[in-house]
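Novice: Next up is a structure, given as structure tokens.
The values are calculated or read from the model by the stated rules, or taken from the named source; none is laboratory data. Worth saying up front: this structure is predicted, and the values here are computed from it rather than measured. Quick reminder, even Gly has a Cβ in these numbers, built from the backbone with ideal geometry, and neighbours come from all protein chains shown.
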Amino acid sequence: MKKDTFTLTDNRNGKSYEYPILDGTRGPSVVDIRTFYKDTGMFTYDPGYTSTAACESKITFIDGEKSELKYRGNDIADLAGKHSYLDVCYMLMRGRLPSKEESKGFDLEIRHRSFVHEGLIRLFDAFPDHAHPMATLGSAVMALATFYKEHLNLEDENQFKEMRRRIIAKMPTIAAMAYRNSIGVPLIYPDVDRYFTENFLYMLRAYPGGKMKNLGNGLNEEIKQVEVDALDAIFTLHADHEQNASTTTVRNVASTEAHPYVAIASGIAALWGSAHGGANEKVMDQLRLIGDIKNVDTYIAKAKDKNDPFRLMGFGHRVYKNRDPRAESLKKLQDKLREELNLDSKLLDIAAAVEKAALSDDYFKSRGLYPNIDFYSGVILTALRIPVEMFTPIFVIGRTVGWITQWSELKQDPTTKIARPRQLYTGK
Ligand code: ACO
């Protein structure tokens, strides 16, 4: 059968070039231009990769027009809050949800790997008080490469599995330690009797050696099941998101044969920016800055003013030009938790007023700017008594499975080449 093709004509000389069209299982087809430079002596130009598919993948699918997000073919709404985050991790890595037995086994494997080397713990001493936990977290994950130096045998599936389990298990421990170090309180070791998400809340809140509850300083607060469930769903909603900026960074670094944890550390760096995962922290800052419903219109006007750098944080997305399905799930979770967790009603009211004003404004409507995942996560994380500087580290914990799964896929893809784009040179 004849394959579909795409013909490009150079109108300067009338020469035509034919390229194969490749169809995925879903989503837009792609034009395979791998020989374009060889054929024409020209490059394609696509800053920000708005029209570029940089790899083939079987992990996550997004339809930004239809507000669809699927992990391995499973709708996000059927996963978040319905399966544990660790089961979702298993599914992302293995392609299917685990059986009860497999789920239990995987949970145990993660618990046993949640400790970090004592040498890594000493690294925290070097960071100053009030260091942002994202900076400490990124540095400590980079340092993990000094403890796991083995050269990965690409033929050995067990080595892949170990590399993945280890980083998923250690990320909450390192994130909690980064936070505790920043506020100058003793670091807490993981408690293997607790499930992944509960253990993270425990490591954030525990008061060393003490069993006293509710000291009023955020430490040793009891952990409610509803909090664990909410955070678990939040981790699932962040678990993977196809070729976003941080995942692309992980893939680019991985393509150079760098150590996998170095690639993950670069993903953390890319995620921190306020245009990406750092937006969740900025949303809270912005809601507090707005301060009152009566100020909402002023800030909407600022966001629309092209001479003002102010952007409405938590709005807009490169792929979703319609509702972000993760934001929809979080909005439902927020409504559910409103009573149970005593959500800050003033912040909620301001957030609702911002959303209403933006969604009825032509500027936002014509550009397809809807609330994204970061718009809702902050209010819920605040209700879970998570400090604002831990919002982006929480994104990191959830996304680690996505990064390491994409890293594995790249390593096992025979078409992988070092990421090396070219440029349109306009200098001297
Ligand atoms: N507030 C005001 N205007 C906006 C916003 C916003 N939040 N987002 C986009 N726009 C405008 C742009 O000014 C531009 O207008 P123009 O066509 O008149 O020039 C148009 O909408 C398109 O915006 P781009 O920046 O070209 O879109 P892009 O796809 O490159 O950027 C991004 C997407 C970075 C997410 C952007 O919408 C943004 O900065 N949002 C705020 C930060 C944020 O919430 N980031 C989290 C994203 S979700 C995540 O990473 C987990």
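Novice: Taking the condition without any contact (Cβ under 8 Å) to a residue 40 or more places away in the chain and either assigned to a loop (DSSP other than H, G, I, E, B) or within 15 Å of the ligand (Cβ to nearest atom) (or both), does Lys356 pass? Steps first, please.
Specialist: Working: without any contact (Cβ under 8 Å) to a residue 40 or more places away in the chain: yes; either assigned to a loop (DSSP other than H, G, I, E, B) or within 15 Å of the ligand (Cβ to nearest atom) (or both): no.
It is false that Lys356 is without any contact (Cβ under 8 Å) to a residue 40 or more places away in the chain and either assigned to a loop (DSSP other than H, G, I, E, B) or within 15 Å of the ligand (Cβ to nearest atom) (or both).
Novice: Now for a different question. Looking at segment 254-268, I want the residues that are surrounded by fewer than 24 Cβ atoms within 10 Å (Cβ to Cβ) and have a partner that is of a type in the set (A, V, I, L, M, F, W, C) and assigned to a loop (DSSP other than H, G, I, E, B) with Cβ atoms under 7 Å, at least 6 apart or on another chain. Which pairs are those?
Specialist: Partner pairs satisfying both residue conditions: Ser255/Ile418; Ser255/Ala419; Thr256/Ile418.
Novice: Would it be correct to say that Ala254 is more than 17 Å from the chain's Cα centre (by Cα), within 29 Å of Val319 (Cα to Cα) and at pLDDT 95 or above? Break it down into steps so the answer makes sense when it comes.
Specialist: Details: more than 17 Å from the chain's Cα centre (by Cα): yes; within 29 Å of Val319 (Cα to Cα): yes; at pLDDT 95 or above: yes.
Yes: the conditions hold for Ala254.
Novice: Which of the residues spanning segment 375-394 are assigned to a loop (DSSP other than H, G, I, E, B) and at pLDDT 95 or above? Give the derivation first.
Specialist: First, pick out the residues of segment 375-394 that are assigned to a loop (DSSP other than H, G, I, E, B): 384-387.
Once the filter is applied, which keeps residues that are assigned to a loop (DSSP other than H, G, I, E, B) and at pLDDT 95 or above, segment 375-394 yields nothing.
Novice: Further, regarding this structure: What pairs come up if the first residue lies in segment 141-153 and is in the same structural domain as Ile264 (by TED's automatic domain parsing), the second is assigned to a loop (DSSP other than H, G, I, E, B), and their beta carbons are under 7 Å apart, counting only those six or more places apart or on different chains?
Specialist: Matching pairs, first to second residue: Ala145/His259; Phe147/His117.
Novice: Quick check on Leu369: is it surrounded by 15 or more Cβ atoms within 10 Å (Cβ to Cβ), part of a loop (DSSP other than H, G, I, E, B) and out of contact with any Lys or Arg (no Cβ under 7 Å at 6 or more places or on another chain)? If you could, list the steps in order and put the result at the bottom.
Specialist: Numbers: surrounded by 15 or more Cβ atoms within 10 Å (Cβ to Cβ): yes; part of a loop (DSSP other than H, G, I, E, B): yes; out of contact with any Lys or Arg (no Cβ under 7 Å at 6 or more places or on another chain): yes.
Against the criterion (surrounded by 15 or more Cβ atoms within 10 Å (Cβ to Cβ), part of a loop (DSSP other than H, G, I, E, B) and out of contact with any Lys or Arg (no Cβ under 7 Å at 6 or more places or on another chain)), Leu369 qualifies.
Novice: Among the numbered conditions (1) in a loop (DSSP other than H, G, I, E, B); (2) in contact with a Ser or Thr (Cβ under 7 Å, 6 or more places away or on another chain), tell me where Ala77 comes up short.
Specialist: Against the list (1) in a loop (DSSP other than H, G, I, E, B); (2) in contact with a Ser or Thr (Cβ under 7 Å, 6 or more places away or on another chain), Ala77 comes up short only on (1).
Novice: Right, here's the next one. Only helices (runs of 4 or more DSSP H) wholly contained in segment 262-353 count here; list those with 3 or more residues that are closer than 26 Å to Gly81 by Cβ and away from the ligand (no atom under 12 Å from the Cβ). Walk me through how you get there before you give the answer.
Specialist: Details: elements: 279-290, 296-304, 325-340.
Helices (runs of 4 or more DSSP H) meeting the threshold: 325-340.
Novice: Between residues in segment 312-333 that are within 27 Å of Glu227 (Cβ to Cβ) and residues that are near the ligand (Cβ under 8 Å from one of its atoms) and β-branched (Val, Ile, Thr), which pairs lie under 6 Å by C-beta distance while being six or more apart or on different chains?
Specialist: Short answer, once both residue conditions are applied: Met313/Val283; Gly314/Val283; Asp324/Ile373; Arg326/Ile373; Ala327/Ile373.
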